[in-house]
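Right, one structure below, let's go through it.
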């Protein structure tokens, strides 16, 4: 009798587990479709660029945003270079599509004054563990891709690895501005 009860309970348990698997797969595919839909909607309907700091991932406090914003506004008044910082959550893009989204944002927001085209986008994703700096064509004449990569590798990333996103962004931004001003000064002398 005991063997029969154990066999019946095993069959019931196995049947229940087997019956639940397709539902889980269905739920997972629904979640995947929902995320893909959200990402496409975000791509198609980017928020308007209204300020220098666009913190969709909520990495910075209000005080930190204000500090970064003050630095960027000062640079823009001195040089006409327009910088925007955008943080992008994993719900908005995958790691594989991050670079495409950063370029799309830079192009859509048309950073840099139309007469000068001095625009820089700093895109950061803590969740995807990636960042990118998009320089406009005119900025690329002032600062090379190698110089930009060096700033990312030596000033942003070390603090990001310690989960100090504000400190890394501040250090990287300050170094980027320092190099831009130095290179612009050298270009003006020639």
- Item | Highest-first arrangement of 79-87, 31-39, 61-69, 91-99, where packing means the average Cβ count within 10 Å | 79-87, 91-99, 61-69, 31-39
- Note on the structure: Taking Cα atoms, the helix 62-79 axis meets the longest principal axis of the chain at an angle in degrees (rounded to 10) of 40 degrees
- Message: Explain nothing, just the number: relative contact order of the chain, from Cα pairs under 8 Å at least 6 residues apart, as a whole percent.
- Response: 16 percent
- Under the rule rounded for a/c under 1.5, else prolate if a/b exceeds b/c, else oblate, using alpha carbon gyration tensor axes a ≥ b ≥ c, the chain is classed as prolate
- Simple SL model, points at 7 angstrom along Cα→Cβ for residue 137 and residue 78; separation in nm is 2.8 nm
- Residue-averaged 222 nm ellipticity for the chain, from DSSP H runs of 4+ at -39500 (n - 2.57), nearest 500: -20000 deg cm²/dmol
- FRET efficiency for residue 96 and residue 185, using Cβ-Cβ distance with R0 set to 45 Å, rounded to 0.05: 0.70
- Item | Relative contact order of the stretch 32-138, pairs being alpha-carbon contacts under 8 Å that are 6 or more residues apart, as % | 26 percent
- Rounded tilt (10° steps) of 2-44 against the dominant C-alpha axis of the chain: 20 degrees
- Query: On a 0 to 90 degree scale, rounded to 10, what angle separates helix 165-189 from the longest Cα axis of the chain?
  - Reply: 30 degrees
- Please tell me the relative contact order of the stretch 95-183 in percent, rounded to the nearest whole number, where contacts are Cα pairs under 8 Å and at least six residues apart. 20 percent
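Just so you know, all these numbers are worked out from the coordinates, no wet-lab data involved. Quantities reported herein were computed from a predicted structural model and do not represent experimental measurements. Every residue, glycine as well, gets a Cβ built from its backbone with ideal geometry; the counts of neighbours run over all protein chains shown.
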